[in-house]
1. For the ranges 191-199, 28-36, what's the packing order if you count other beta-carbon atoms within 10 Å of each residue, average per peptide, and put the highest first?
2. Between Asp216 and Ala129, what is the spin-label point distance in nm, taking each point 7 Å from the Cα along the Cα→C-beta axis?
3. Assign unit charges at the C-beta atoms only (+1 for Lys and Arg, -1 for Asp and Glu), then state the dipole size of the chain relative to its Cα centre in Debye, rounded to the nearest 20.
4. Can you tell me the order of 102-110, 38-46, 13-21 when each peptide is scored by its average per-residue count of other Cβ atoms within 10 angstrom, highest first?
5. How many percent of Cα pairs in segment 59-130 exceed 17 Å?
6. I'd like to verify something in the chain: which complete DSSP H helices, judged by Cα projection on the helix axis, reach 30 Å or more and average at least 0.0 on the Kyte-Doolittle scale?
7. Quote to one decimal, in nm, the extra length available between Met170 and His182 on full extension: 0.36 nm per residue of separation minus the C-alpha distance between them.
8. Starting from the Cα-Cα distance between Ala25 and Lys62, subtract it from 0.36 nm times their residue separation and give me the gain in nm to one decimal.
Amino acid sequence: MARLKTAVLISGRGTNMQALIDYCATSDAAAEISLILSNVPDVPGLDRAAEANIPSITVDHKLYTDRESFEEAMTQTLEDHGIQLICLAGFMRLLTNTFVDHWRDRLINIHPSLLPAFKGLDTHERVLAEGVRFTGCTVHYVRAEMDAGPIIVQAAVPILPDDDPESLAMRVLVAEHRCYPHALSLIADGKTRIVDEKVMIDEAEAPGIAFLNPID
Ligand code: GAR
């Protein structure tokens, strides 16, 4: 069966992109990474793409006069490559409603918090400032509002007493690298449906227990 032609959009180091590439390299993956698109030239993620022999392209937002023309260039490139699904993976440009609507239900994102909590930047700093005991990561379909949209997969990650933003980011990143390939596999296997802006997943198993932090 034809595999889901997937593009990954990046702005930087691309470790989530790498996790998606590694998943797609497995024999039973129903998706393939057909294109890596970066809005920033010469980022480490582009080197990873080259190592994996995946076509990559830079669409440098600084070369466009406005958001619309930048996004039109991205859409043209993505459509030229027959892309069916876009994964935002550390892509740090806000997208207009036009782009989001054009790719509706074919555009997903990963965010390093348990959405809808802690949208936006400096997530881990704000999580630590609030003193919450769990954070996590979320893979979701993209809607016009930033860091919002139907949730596909989440992971809960405990906060430890000695955490600083960097140690917490590293622990969340490990969870991200599990969540994003899992979400892609669910979509590529045709197991997700959006009903009333919630994601229904066929044959999904939930953990079914509560975790305490601190442990009692
Ligand atoms: C990841 O932690 C991702 O969740 C975050 O940027 C990092 C990119 O790392 N994305 C956002 O904050 C988007 N709002 P990576 O380039 O190594 O995948």
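1. Final packing ranking: 28-36, 191-199.
2. 3.2
3. The calculation lands at about 200 debye.
4. So the peptides 102-110, 38-46, 13-21, ranked by packing, come out 13-21, 102-110, 38-46.
5. 53
6. Flagged H segments are 165-188.
7. Full-extension gain reported as 2.4 nm.
8. Values: separation 37, 0.36 × 37 = 13.32 nm, distance 3.30 nm.
Answer, rounded to one decimal: 10.0 nm.
Every number here is computed from the coordinates shown, using simple stated rules; none is lab data. Just so it is clear, the model here is predicted, and its values are computed rather than measured. Quick reminder, even Gly has a Cβ in these numbers, built from the backbone with ideal geometry, and neighbours come from all protein chains shown.
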